[in-house]
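Asks: Handing you a structure now.
Nothing in this text is a laboratory measurement; each read-out follows from the coordinates by a stated rule. The structure displayed is predicted, hence computed values, not measured ones. Here the Cβ is made from the backbone with ideal geometry for all residues, glycine too, and neighbour counts use every protein chain on show.
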Amino acid sequence: MKLRRTDLFRPRIATPLVFAVCLLGCLVVGSVDAQEVQVQIVGEGDVQFNVALGGVMAGADGRAETAQRWVRGFIQNEFNNVERVCKPSTKEAQALVDVAEREWKSRLSNTIRAYAESQNQRINADFESRVERLVQIWVRDALSDEQYEKWEQEIDVRLAYRKRIVIGRMVMDCERKYGLTHAQMQEVEKLTQERWKDSWWSMYRTGTLPETKFSWISKVLSESQRTAGTDRASQVTEHFMGGGFVDMPTLRLDERFKIGSVSSSEEIPLEKVEPSEPADRKMLLFEVAPKIFVPDRDPRR
Amino acid sequence: MSILHSFRLLTQIPCYPALILVVFLAHPSTAQQTGKIPNALNRNQPEAVEDPDPKKGGDPPMMQFEMEPERWSEMAYGTLGGTRATFEQSLRRRVRKTLNRIEQLCGISEDVRIKVNATADLEFQRLDADITALVSEAPRRPTQQQYQDFYQKLWALISPFQPTAQWGPPGQENRNKALWEKVLHSNLSEDHQEIISNDQRQRSEYNNRVQRLETLLKVSRVLGLDSKQLGILEKIADANPAAWISLESVWTTLAAMPESQQREYFTETQRIRLSRPLEYTNDLQPVMNWNQPE
């Protein structure tokens with residue numbers, strides 16, 4: 001059956017259609033307080049409305065800037081350590097800071113975007129590991145083999161600390177789960193170390209404790225502990241807590257990377273930082289009108 | 001013409017204005033604006049709100065709803081980590097794990113095991129009966145003072161069952177032991193009790209050490225410590241474990257360190273960073289619930 005334009009006005013079709021439009025209207029009116037509305041003058045007499053959904057896109061620029069500051073802070077911290085550990089010459093240091101200044105944004109864009117567009121406003125990007133791997137590549141390319149070896153040793157020490165923490169937490173989880181003694185905890189630690197994967201650290205940093213498989217440690221458990229081990233309800237709980245202090249270093253976007261007294265070359269442009277409104281700024285629709293900027297000069301002239 | 005035609009057709013539908021009205025009223029934004037759930041959709045029975053009598057001069061009630069005994073009961077079990085059923089389950093699990101650990105450390109007879117399990121069962125039943133009896137006398141519309149007084153009574157009842165950090169410093173458990181724990185310890189010899197106590201201390205130390213290391217790595221992340229500094233600060237952390245519980249506490253401790261000491265451990269850049277406060281975020285941060293045994 002072919003529909004004609006006039007069929008749209010028949011009650012059977014028009015009623016649900018109008019009903020749906022009304023429903024949509026109500027939803028828009030109701031959810032406007034969760035939206036961020038920006039109004040700016042783009043030309044003489046032209047007003048551009050830029051509506052973005054709050055919680056999803058609101059403050060994405062602000063979050064991107066925060067992520068960029070953190071990423072740059074991590075890079076700068078790494079360079080401070082490179083200076084102490086590898087002792088690069090002025091030329092090597094210059095090469096290193098220049099390559100970092102040119103490439104940091106494009107090489108870490110995924111990490112920055114992951115944080116900026118995080119829909120549930122979580123710190124769920126592992127900035128530290130990403131930066132660490134990238135700086136390792138830059139150091140390998142810019143410095144001598146001997147210096148790179150020293151740097152690798154430095155990274156290994158850090159990895160050892162991370163391994164101790166994640167495995168420690170896994171052992172603590174087992175202690176809670178199975179009621180282990182201290183001697184058993186040490187045995188479980190050894191068995192878990194044998195199965196270590198570097199990816200566990202990233203998992204842990206983003207809020208998930210790697211699972212200690214029952215089969216890995218069952219030989220350490222007594223018969224009664226094995227039976228208790230089948231109780232799935234005794235597992236560790238992980239959750240996200242709102243707010244608090246962050247363990248992130250920071251470097252402004254208009255501040256250059258440095259190794260000792262060597263800064264990145266002046267010809268590499270830096271981002272201009274404009275003061276922006278806080279990321280969680282929200283505005284109601286009726287607040288739009290007073291915010292419209294009216295230019296002094298007469299637009300008709 | 002077509003628009004006019006369509007409007008004419010639409011106005012002929014008798015249910016259309018009613019539909020718009022219902023949708024408008026049902027929408028949460030409308031409810032928020034008026035501050036009420038629309039009467040047409042409100043399934044809750046209106047509660048009788050008794051205004052405090054100003055002539056009596058008493059304090060106003062703390063809340064605008066009645067605290068039914070069930071609500072007090074839910075609050076009591078909520079403090080113990082969930083509902084009545086989850087508390088019963090977790091209590092059994094805790095008893096079982098404790099017995100399994102002791103069995104592993106120094107052995108435990110089947111008689112003691114049965115006795116402790118039976119005590120825990122009876123204790124749960126008694127607690128449940130006590131809570132039911134107490135909440136039946138609870139004030140329905142308590143003032144702030146009445147609420148506090150009653151909560152104290154409730155707390156006295158439930159505190160022995162409150163889960164505390166298993167690996168906190170030994171001897172710092174500020175709670176009365178549950179009856180099943182007392183029965184268990186009375187059935188253990190002094191030698192066995194010492195073995196168990198030593199094991200608890202070692203487990204506690206293991207867990208605290210992991211926590212200290214984690215705080216150390218957080219500090220390292222902000223300041224950019226190298227491997228040598230990590231080694232030095234780990235020793236400092238082991239010497240003063242209380243300060244290394246959280247990033248905030250250790251930041252305050254390190255910032256308050258004498259300048260000569262700071263120069264010994266940190267570079268100039270790190271010292272400047274240390275003099276500034278930590279960055280704050282409103283974002284959600286991952287937390288693992290390891291400090292609360294079930």
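Asks: Rg (Å, one decimal) plus Dmax (Å, integer) for the alpha carbons of the stretch A:60-263?
Replies: So, for the stretch A:60-263, Rg and Dmax equal 20.7, 65 Å respectively.
Asks: For peptide B:73-80, how many partner chain Cβ atoms fall within 10 Å of a residue's Cβ, on average?
Replies: 0
Asks: Enter the mean number of other protein chain beta carbons within 10 Å of the beta carbon of each residue in A:159-171, as an integer.
Replies: 4
Asks: Right, another one. Determine how many Å³ per residue the convex hull of the Cα atoms of the stretch B:224-276 encloses. Numbers along the way, then the final one.
Replies: Values: hull volume 4.2 nm³, N = 53.
Per-residue hull volume (Cα only) is 80 Å³.
Asks: Okay, next question. Would you pull out the residues with amide H under 5 Å of A:Val262's amide H, same chain only if 5 or more places away, H placed 1.01 Å from N?
Replies: Excluding prolines and chain starts, which carry no amide H, there are no hits.
Asks: Using +1 at the Cβ of each Lys and Arg and -1 at the Cβ of each Asp and Glu in the stretch A:60-263, identify which of A:Ala100, A:Gln136, A:Leu251 lies farthest towards the dipole's positive end.
Replies: Among A:Ala100, A:Gln136, A:Leu251, the one farthest towards the positive end of the dipole of the stretch A:60-263 is A:Leu251.
Asks: Another question about this same structure. Between B:Met257 and B:Lys115, what length in nm is gained on full extension when 0.36 nm per residue of separation is reduced by their alpha carbon distance?
Replies: Full extension of this stretch gives 45.7 nm more.
Asks: Given the options A:Trp216, A:Gln184, A:Ala228, identify the residue whose Cα lies farthest towards the positive end of the charge dipole of the stretch A:142-249 (+1 on Cβ of Lys, Arg; -1 on Cβ of Asp, Glu).
Replies: Farthest towards the positive end: A:Ala228.
Asks: May I pose another question? Taking H placed 1.01 Å from N in the peptide plane, check which residues at least 5 places from A:Thr208 or on another chain put their amide H under 5 Å from its amide H.
Replies: Those qualifying (amide H under 5 Å, at least 5 residues apart or on another chain) number zero.
Asks: At 7 Å along the Cα-to-beta-carbon direction for both B:Asp238 and A:Lys91, put a label point, then send me their distance in nm to one decimal.
Replies: About 4.4 nm separates the two model spin labels.
Asks: Another one. Assigning unit charges at the beta carbon (Lys, Arg +1; Asp, Glu -1) and nothing else, what dipole magnitude in debye, to the nearest 20, does the stretch B:60-106 show about its Cα centre?
Replies: For the stretch B:60-106, the charge dipole is close to 500 debye.
Asks: Over 31 Å between Cα atoms, which of A:Lys219/B:Lys235; A:Lys105/A:Lys150; A:Lys87/A:Lys163; A:Lys213/B:Lys115; B:Lys97/B:Lys235 qualify?
Replies: A:Lys219/B:Lys235; A:Lys213/B:Lys115; B:Lys97/B:Lys235
Asks: Is there a quick way to get the dipole size of the stretch A:60-263? I mean about its Cα centre, with the Cβ of Lys and Arg at +1 and of Asp and Glu at -1; what is the value in debye to the nearest 20? Could you put the intermediate results ahead of the total?
Replies: Numbers: 33 positive and 32 negative charges, 71 e Å.
Roughly 340 debye for the stretch A:60-263.
Asks: Read phi for every residue in the stretch A:262-271 and hand back ³J(HN,Hα) as whole Hz from Karplus 6.51 cos²θ - 1.76 cosθ + 1.60, θ = phi - 60°, with x for Gly and Pro.
Replies: 8, 9, 5, 4, 5, 6, 7, x, 9, 6
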